Structures are given as structure tokens and as C-alpha cells.
Amino acid sequence: MSAATATVLVFARVADLLGAERVSVLLPPAPTAGDVLAALRALPGGEGIPASTRIAVNHCFVALDAAIGTSDEIAAIPPVAGG
């Protein structure tokens, strides 16, 4: 397998940092959710993305070691506070 590009939906603080609501990232062969987070944090502005940002695949939060398919809907959800 070779590296692939995936589109990631980003929200709230992550979107603010990256200046977009969806970004493309280059992922290694057999990517994981952790690879997605690392790729986002490597983008310009991404150094401010919290390590606690959650990755969702097809509308479900996944562990960082979960496999990702480039055709999956991938989203990055930063931690939120409420009250």
C-alpha cells in the first residue's frame, strides 16, 4: 500500500487554527486515527491542536489505534466545555 490523501472535517478551535472547515492530509499506508491527528498537527497552524482532540470515523469516536480508510468520513473534534 502507498500513502493516500484523506479529507478531514474539522470543527471549532481546530477549524480556527487551520483556517478551514475541511482539510486534506497525507496519510501513511494502513493509517490509524492517531496518524490523522498527527497529520493535522503537522499542518500550518496545527501545532495548537490539543492532543486530546478526538477523531470520529463515520460519525463514531474511535481510539487512536483504530484503522482509517481514506473513503471513511473522518472528523476531528476538539475538547469542548459546557455549562
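The values are calculated or read from the model by the stated rules, or taken from the named source; none is laboratory data. Keep in mind it's a predicted model, so treat the numbers as computed, not measured. Neighbour counts run over all protein chains shown; Cβ positions are idealised from the backbone, glycine included. Ligands, DNA and RNA are stripped out before the accessible areas are found, and what is left, the full protein with its side chains, is counted by its heavy atoms. Shrake-Rupley method; radii C 1.70, N 1.55, O 1.52, S 1.80 Å.
Per-structure values
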{"item": "Those residues of segment 7-40 which are assigned to a loop (DSSP other than H, G, I, E, B) and farther than 13 Å from residue 76 by Cβ, in sequence order", "result": "19, 28, 29, 30, 31"}
{"item": "Selection count where residues are of a type outside the set (Asp, Glu), without any contact (Cβ under 8 Å) to a residue 60 or more places away in the chain, under 17 Å from residue 44 (Cβ atoms) and open to solvent by 20 Å² or more (accessible area, probe 1.4 Å), scope segment 1-18", "result": "2"}
{"item": "Tally of residues being open to solvent by less than 80 Å² (accessible area, probe 1.4 Å), hydrophobic (A, V, I, L, M, F, W, C) and out of contact with any Leu (no Cβ under 8 Å at 6 or more places or on another chain) across segment 19-40", "result": "4"}
